[in-house]
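Participant: Got a structure for you, questions after.
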Amino acid sequence: MGKILQLKAKLIYNKRVSGRYLHLAVEAPKIANVAKPGQFIEVRVSDGLEPFLRRPFSVHSIRGGQIEILYEVFGRGTEVLSQRKPEESLDIIGPLGNGFDYKPQATGHRLQVLVAGGMGVAPLTFLAERLKKLQAPCLSGRQASSKLQALVLIGAKTKKEILCEKEFQNLGCEVKIATDDGSRGFKGYVSNLLIKVLSTVDCRQSTIYACGPKPMLKEIARVSKKYNIPAQISLEEHMACGIGACLGCVVNTKNGYQRVCKEGPVFDAEKIIW
Ligand code: FES
């Protein structure tokens, strides 16, 4: 893991994407230059004493020296954050955590399947940006078979809650949608859409990268085992310190208890004891 920095970063924008979801960007080139997909930053949402704890946010996108996060307003911390204005400075720590291992030469695999449930899109857009840099054409039928391929599956409760579809498409990705109520795309869980996809494509050289609610990730782990496809999953645990000190985020793995904020948040799905 590289050096972890704490710094004051200028807030560039903090704008509503839809409903209770916002995009926030800060100027933080020292962190932006070294952050890897799957890593996160800890943000002190207020300069005052309240709320005291920092909040963790996945790196959603990097543009030059700017780091963008995607967040949902659902409690006091994110409510305070949503009030912050451009030109203010935010105290941030990062990059934190391990990140995805996505280099094709590292995995030896070509087909990259990104599976997001709800807010799980947050780290996967950054991964898609980096895959694009690796010249990843998507599953549009035009790719040379020897090249890296990528496909994005997004799950949401309803069509209104689908996040980042355009972002992935703008990166050249083919996107497939699953909604619980069938209001868009496949009706059912995104893990079931994954099963459908895997049964129609040659998945011998696939890697799955997933982020979302724990039950979804558990199912992805089961599917990846059944199809014998390696899966890297990014766990979303409640984090207090975010830097490995409080042990408040441990998960049980085949290697013993591990900290989501330090040894994770990305784990091989097969290593987690659910
Ligand atoms: Fe404190 Fe992970 S949040 S050890």
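Participant: Sorted by average packing, counted as other Cβ atoms within 10 angstrom per residue and highest first, what order do 116-125, 28-37 take?
Facilitator: So the peptides 116-125, 28-37, ranked by packing, come out 116-125, 28-37.
Participant: Which of the GluC sites (Glu not before Pro) found in region 29-117 are loop residues per DSSP with 16 or fewer other Cβ atoms within 10 Å of their Cβ?
Facilitator: Sparse-neighbourhood loop GluC sites (Glu not before Pro): GLU87, GLU88.
Participant: Per DSSP H run of n ≥ 4, the term is -39500 (n - 2.57); total these for the chain, divide by its residue number, and report the mean residue ellipticity at 222 nm rounded to 500 deg cm²/dmol.
Facilitator: Calculated from helices alone, the mean residue ellipticity at 222 nm is -5500 deg cm²/dmol.
Participant: By its C-alpha gyration tensor, with a ≥ b ≥ c as the square roots of the eigenvalues, how is the chain shaped: rounded for a/c under 1.5, else prolate for a/b larger than b/c, else oblate?
Facilitator: On the way: a/c = 1.58, a/b = 1.44, b/c = 1.09.
The shape class here is prolate.
Participant: Which whole-number percent gives the relative contact order of the chain, counting Cα pairs below 8 Å spaced six or more residues apart? Let's see the in-between values first.
Facilitator: Numbers: 634 pairs, mean separation 45.9, N = 274.
It comes to 17 percent, rounded to a whole number.
Participant: Chymotrypsin sites (Phe, Trp or Tyr not before Pro), restricted to region 12-79: which are DSSP loop and have at most 13 other Cβ atoms within 10 Å?
Facilitator: Here the sparse-neighbourhood loop sites are PHE52, PHE74.
Participant: Taking a probe of 1.4 Å, how large is the accessible area per residue of region 1-103, in Å²?
Facilitator: Solvent-accessible surface per residue comes out at 46 Å².
Participant: Please work out whether region 177-239 counts as rounded, prolate or oblate from its C-alpha gyration tensor, where a ≥ b ≥ c are the square roots of the eigenvalues and a/c under 1.5 means rounded, while otherwise a/b larger than b/c means prolate and anything else oblate?
Facilitator: Numbers: a/c = 2.24, a/b = 1.02, b/c = 2.20.
In terms of gyration-tensor shape, oblate.
Participant: Looking at region 48-99, which trypsin sites (Lys or Arg not before Pro) are DSSP coil and have at most 10 other C-beta atoms within 10 Å of their C-beta? Don't skip to the end; give the middle numbers.
Facilitator: Values: sites: ARG54, ARG63, ARG76, ARG84; in loops: ARG54, ARG84.
Of the trypsin sites (Lys or Arg not before Pro), not one in the loops of region 48-99 has a Cβ with at most 10 other Cβ atoms within 10 Å.
Participant: Strictly over 29 Å apart at the Cα level, which of LYS166/LYS225; LYS36/LYS271; LYS3/LYS166; LYS132/LYS254 would you flag in this model? Kindly include the intermediate steps, with their values, before the conclusion.
Facilitator: Numbers: LYS166/LYS225 31 Å; LYS36/LYS271 21 Å; LYS3/LYS166 33 Å; LYS132/LYS254 33 Å.
Result: LYS166/LYS225; LYS3/LYS166; LYS132/LYS254 exceed 29 Å.
Participant: With contacts defined as alpha carbon pairs under 8 Å and 6 or more residues apart, what's the relative contact order of region 1-80 in percent?
Facilitator: About 30 percent, as a whole number.
Participant: Then there's this: Is the shape of region 160-201 rounded, prolate or oblate, going by the alpha carbon gyration tensor and its root eigenvalues a ≥ b ≥ c, with a/c under 1.5 for rounded and a/b larger than b/c for prolate?
Facilitator: Here region 160-201 falls in the oblate category.
Participant: If you don't mind, there's one more thing I want to ask. Using each residue's phi in region 86-97, evaluate 6.51 cos²θ - 1.76 cosθ + 1.60 at θ = phi - 60° and report the 3J(HN,Hα) Karplus result to the nearest Hz, with x for Gly and Pro.
Facilitator: Ordered by residue, 3J(HN,Hα) equals x, 5, 6, 10, 10, 7, 10, 10, x, x, 10, x Hz.
Participant: Quick one: of the DSSP bridges fully inside the chain, what percent are antiparallel, nearest 5?
Facilitator: DSSP beta bridges in the chain are roughly 60 percent antiparallel.
Participant: Using a Gaussian network model of the chain with C-alpha springs under 10 Å, which one of SER61, SER89, SER18 is most mobile by mean-square fluctuation?
Facilitator: Maximum fluctuation in the GNM of the chain, among the listed residues, is at SER18.
Participant: I'd like the distance separating the alpha-carbon centroids of region 59-124 and region 206-248, in whole Å.
Facilitator: With region 59-124 and region 206-248 each reduced to a Cα centre, they are spaced 15 Å.
Participant: What's the carbon and sulfur percent of the chain's accessible surface, probe 1.4 angstrom, rounded to a whole number?
Facilitator: Solvent-exposed carbon and sulfur of the chain make up 51 percent of the total.
The values are calculated or read from the model by the stated rules, or taken from the named source; none is laboratory data. Quick caveat, the model's predicted, so the values are computed rather than measured. For neighbour counting, all protein chains shown are included, and Cβ atoms are generated from backbone atoms with ideal geometry for every residue, glycine included. To get the accessible areas, we keep the full protein, side chains included, count just its heavy atoms, and leave off ligands, DNA and RNA. Shrake-Rupley method; radii C 1.70, N 1.55, O 1.52, S 1.80 Å.
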